[in-house]
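Engineer: Below you will find the structure I want to go over with you.
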Amino acid sequence: MPFWRFSILTFIGCIPWVTLLAWLGLLVGDNWEAVQQKLHYFDYAVALVIIGGIVWMALRYRSRRAAAGSTGS
């Protein structure tokens, strides 16, 4: 993708995200610590998804390597 097209599309795509984050910041305001305490369970879910993805990729790599080794003999 050409540099300028990529840059323009990235800029356009960032506008909704920045707007959403600014709006959420205004809504939360001084209560951000309470929100942070309630979202700590979300951290565990994200960690489980990451660990699950790593395990899945390792198992997939192992099975592909085993399949390539058995057909190569």
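The values are calculated or read from the model by the stated rules, or taken from the named source; none is laboratory data. Only a predicted model underlies this, so the values are computations on that prediction, with no experimental measurement involved. A quick note on method: Cβ atoms are made from the backbone with ideal geometry, for glycine too, and the neighbour counts reach across all protein chains shown.
Engineer: Here's a check for you: in the range 55-73, which residue that is loosely packed, with under 10 Cβ neighbours inside 10 Å, assigned to a helix (DSSP H, G or I) and polar (S, T, N, Q) is modelled with the highest pLDDT?
Structural biologist: For the range 55-73, the residue satisfying everything is Ser70.
Engineer: Within the range 18-40, can one find any residue that is loosely packed, with under 10 Cβ neighbours inside 10 Å and on the phi > 0 side of the Ramachandran plot?
Structural biologist: The answer is yes, given that some residue of the range 18-40 is loosely packed, with under 10 Cβ neighbours inside 10 Å and on the phi > 0 side of the Ramachandran plot.
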